[in-house]
Every structure is written in structure tokens, then in C-alpha cells.
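See below for the structure under consideration.
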């Protein structure tokens, strides 16, 4: 059984997002352009138009600090995603430290 990234898949972009009312990127591979927090647990991320998100790409959120948060990601366009974080009661909540976003793409055939 192979571990890690499956053959034909590559990491397209990664970013660390700080928590709080004024989130910021604390590490960025260059794919991510801006971050905004319209409300607790909601983060709008824009993507550089030179590296859009393809429909077959996979977006994963890794929460830091607060492990009891659920996550969801909505691809609103090729250059935008919305990340939602909720606690066990289903209420929007911010992580205590921040979170990371990883986007994996498929290699062209």
C-alpha cells in the first residue's frame, strides 16, 4: 500500500491562514491572492487567475489548534473558494490558531 500523494496527483498550492477577525496568509506558495472573513468561521479566499482551481482539483482544510471543528469548502469560481468552519454544535467558529489549505491537482495526461 502506497502512502502519500497518489501517482498522477500533485500539490498545486498551499497556504497557512491566521485565525481572527483580520485573517492573513502566513505562508503562501503564490497561488492564493486574498483572504477575507465575512463572519465567524467563514473565510473567502481568492486564487491567482494564473493558477485557477480546476473542477477535478481537491481542496483540503487542515485546522490548527482547535481540533473539534468541522470544515467544508465551496468552489464558487475558478478563482474563488469559501471555507466554512463549524463546531460540534453546528455553529460557525474560528480556529484558535489558524488553518491550512492544500489544493491537489491532476497531472495532464
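The values are calculated or read from the model by the stated rules, or taken from the named source; none is laboratory data. All values reported here derive from a predicted model rather than from experimental measurement. Quick reminder, even Gly has a Cβ in these numbers, built from the backbone with ideal geometry, and neighbours come from all protein chains shown.
Points worth noting:
- Test result for residue 50, assigned to a loop (DSSP other than H, G, I, E, B) and either touching a residue at least 12 places away in the same chain (Cβ under 8 Å) or touching a helix residue (DSSP H, G or I) at 6+ places or on another chain (Cβ under 8 Å) (or both): no
- Filter result for residue 45 (in a strand (DSSP E or B), modelled with pLDDT of 95 or more and buried (at least 16 other Cβ atoms within 10 Å of the Cβ)): yes
- Residue within region 50-57 that is surrounded by 12 or more Cβ atoms within 10 Å (Cβ to Cβ) and over 23 Å from residue 106 (Cα atoms) present: no
- Restricting region 1-19 to residues that are touching a strand residue (DSSP E or B) at 6+ places or on another chain (Cβ under 8 Å) and over 18 Å from residue 81 (Cα atoms) leaves a set whose member that is modelled with the highest pLDDT is 10.
- Selection within region 87-101 - more than 15 Å from residue 34 (Cα to Cα) and either surrounded by fewer than 17 Cβ atoms within 10 Å (Cβ to Cβ) or touching a helix residue (DSSP H, G or I) at 6+ places or on another chain (Cβ under 6 Å) (or both): 87, 88, 89, 90, 91, 92, 96, 97
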